[in-house]
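The values are calculated or read from the model by the stated rules, or taken from the named source; none is laboratory data. What you see is a predicted model; the values in this text were computed from it and never measured. Positions of Cβ are generated from backbone atoms using ideal geometry, with glycine treated the same way; all protein chains shown enter the neighbour counts.
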Number of protein chains: 2
Amino acid sequence: MIIGQHLLIECHGQHANLDAGQLLALMERAAQAGGARVLSQHFHKFGEQGGVTGVLILAESHITVHTWPEHHYAAFDIFMCGDSQPSKAAAVITQHFPTATSHIKTMERSCPTGVNGPQAAAL
Amino acid sequence: MIIGQHLLIECHGQHANLDAGQLLALMERAAQAGGARVLSQHFHKFGEQGGVTGVLILAESHITVHTWPEHHYAAFDIFMCGDSQPSKAAAVITQHFPTATSHIKTMERSCPTGVNGPQAAAL
């Protein structure tokens, strides 16, 4: 049974230099584009020259970000369930800087009932 | 350049019935086993019969959980960078209920410099 989709988004370029407030605004726009509702947001800044970690807790799961300015790298993930549209949320993030390079992996999240393999024996 | 590993963990069984306090304790043990440091934790309970969403923000990235008791399903994800060992953290979670069924997907997180394909042209 598929519960939702989990998108892992790798960004090389300007995303890595966004501060916590800019990341929050971008992730809120992404959530809205995906039809998701933000319940709370939590950010942490790693020192003066360091990166940022941020999480939006959604009614439909979550969006997170971690940035490494020294590597020009930002790692987002979007997990959305129900009728939401995480690919639209991802598009807001990847299109924010048209000249940045981004790559998206989309994974289905599903309950492993009926998994084949050794773990299935534990059911 | 590989920055870290991102593990998506699907659990069918008792994990889905853990409350926020129990999930927090489990995720803190997982973080410790993986050699990670917890910076903050944030949980949300979805109504009396509903599931739980929880996030641990780590110095090494994050651990999240979303539960659907009605589907006997809990979805964890562990993103850890640096010298931490996310597979050890995942083992704490999956082995918590030996009779539950669990499935782990391990994804490398890396900066997409040198990506082949149309997006590379934007560099």
* Exactly one condition in (1) surrounded by fewer than 15 Cβ atoms within 10 Å (Cβ to Cβ); (2) within 14 Å of the chain's Cα centre (by Cα); (3) of a type outside the set (V, I, T) is not met by B:G47; state its number. => (2)
* Taking the condition assigned to a helix (DSSP H, G or I), farther than 23 Å from A:P112 by Cα and either among the β-branched types (V, I, T) or over 13 Å from the mean Cα position of the chain (by Cα) (or both), does B:A16 pass? -> no
* Which one of the conditions (1) within 27 Å of A:V52 (Cα to Cα); (2) in a helix (DSSP H, G or I); (3) touching a residue at least 12 places away in the same chain (Cβ under 8 Å) does B:G21 fail to meet, given that it meets all the rest? -> (3)
* For segment A:41-71, name all the residues that are facing another protein chain (nearest Cβ under 7 Å) and within 18 Å of B:D77 (Cβ to Cβ). => A:H42, A:H44, A:T53, A:V55, A:I57, A:S61, A:H62, A:T64, A:H66
* To do: From the list A:H72, A:H42, pick out the single residue that is closer than 28 Å to B:R37 by Cα and touching a residue at least 40 places away in the same chain (Cβ under 8 Å).
  => A:H72
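Could you look through segment B:72-82, keep only residues that are modelled with pLDDT of 95 or more and surrounded by fewer than 24 Cβ atoms within 10 Å (Cβ to Cβ), and pick out the one that is nearest to the other protein chains (Cβ to nearest Cβ)? Give the derivation first.
We begin by selecting, within segment B:72-82, every residue modelled with pLDDT of 95 or more; these are B:72-81.
Checking the rest, the ones that are also surrounded by fewer than 24 Cβ atoms within 10 Å (Cβ to Cβ) come to B:72-73, B:81.
Numbers: B:H72: 7, B:Y73: 4, B:C81: 8 Å.
The selected residue is B:Y73.
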